[in-house]
Amino acid sequence: MPSPALTWAHILADLPVLLAGFRQTFLTFLLGFVLGAGFAFAVIMDALPWVRSVLYPILIASQAVPVIAISAALTIWLGFGLAPKLVIVALVVFFPVVVNVLDGLHSVDRDMLNLVRSMGGSRLGIFRHVKLPATYTPLFSALKLSATFSVTGAVIGEWTASTSGGLGAYLLQANSRLNTAGTFAAIAFLALLGVVSFLMVLALEHLMTPWRHSPHARPWSQRY
């Protein structure tokens, strides 16, 4: 193992290349993360029970196939470049988000739904003011888990289908040259990417769920 001083010296010596790889991997992660966040898909499955009964077993069965095992097939189908990398990251995010959002939608108190209906609430109003807030906690729990796992998906995609570099390609190149300092430098930047992605989701959760960190209620509005 390289010493921390040797790894730090390698980072300073190769900083422009590492920063360029960080930006490329971050872009792959961000686009794939947004693409794979299947919130709308979960809402459709909740609204249409027959869709859920057909697709939910397929969704669960798909998780038995490791993402790394289908990365080569995605490269054959989609070619080298950005597309297969985005699909790999999206696959990592998709399942936990869909499952957690479905659980959140199904955990809504039925008495609360009946009460809102009896008060004249429309289907859209019930979803907006009752069901949607119930999905926030499980949704952000899934997103925080997926944020770190998606970095692994981005690296796998860069190993198999990269044409523009990235930290995954940098790590593979350093490993093939037995450059342990370069390998640990890439690992350090990947860890930084995982922390940054987690903090981004945490900041979004803080913005979307103000009642979890503020004792003050929202101002009264005539719309409610």
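The values are calculated or read from the model by the stated rules, or taken from the named source; none is laboratory data. On a predicted model such as this, the values are computed, not experimentally measured, just so you know. Backbone-built Cβ (ideal geometry, glycine too); neighbour counts: all protein chains shown. These accessible areas exclude ligands, DNA and RNA; they are computed on the full protein's heavy atoms, side chains included. Shrake-Rupley method; radii C 1.70, N 1.55, O 1.52, S 1.80 Å.
Some values worked out for this structure:
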| item | result |
| --- | --- |
| Per residue accessible area in Å² of the stretch 157-209, where ligands, DNA and RNA are left out and the probe is 1.4 Å | 50 |
| Derived scalar couplings ³J(HN,Hα) [the stretch 81-97; Karplus, 6.51 cos²θ - 1.76 cosθ + 1.60; whole Hz; x for Gly, Pro] | x, 7, 4, x, 5, 5, 5, 5, 5, 4, 5, 5, 7, 4, 4, x, 5 |
| Pairwise Cα inverse-distance average, inverted: Kirkwood Rh of the stretch 1-130 (Å) | 18.4 |
| Kirkwood hydrodynamic radius of the chain, Cα pairs, Å | 19.8 |
| Of all accessible heavy-atom area on the chain, the percent that carbon and sulfur account for (1.4 Å) | 71 |
| Zone of residue 76's modelled label, taken as backbone nitrogen in the stretch 135-170 under 13 Å from a point 7 Å along Cα→Cβ | none |
| Net charge, residue 21 excluded, C-beta distance under 12 Å - Lys, Arg +1, Asp, Glu -1 | -1 |
| Cα convex hull of the stretch 127-217 - mean projected area over all directions, nm² | 7.9 |
| Convex hull (Cα only) mean projected area of the stretch 166-215, reported in nm² to one decimal | 4.0 |
| Per-bin percent of Cα-Cα distances, the stretch 65-138 [10 Å] | 17, 31, 18, 18, 13, 2 |
| FRET efficiency, 1/(1 + (r/R0)^6) with R0 22 Å, evaluated for residue 1 and residue 149 via beta carbons | 0.30 |
| Difference of contour (0.36 nm per residue) and Cα-Cα distance, residue 107 to residue 203 | 32.1 nm |
| Calculated log₁₀ intensity ratio I(q)/I(0) where the Debye formula runs over C-alpha points of the stretch 96-161, q = 0.13, 0.22 Å⁻¹ | -0.49, -0.86 |
| For the stretch 35-108: span of alpha carbons on each principal axis (Å, largest first) | 43, 20, 16 |
| Folded to 0 to 90 degrees: helix 15-36 orientation relative to the chain principal axis, Cα | 30 |
| Tilt relative to the chain, helix 167-176 - C-alpha long axis, 0 to 90 degrees, to 10 | 30 |
| Net charge contributed by nearby residues that have their C-beta within less than 15 Å of residue 82 (K/R +1, D/E -1) | +1 |
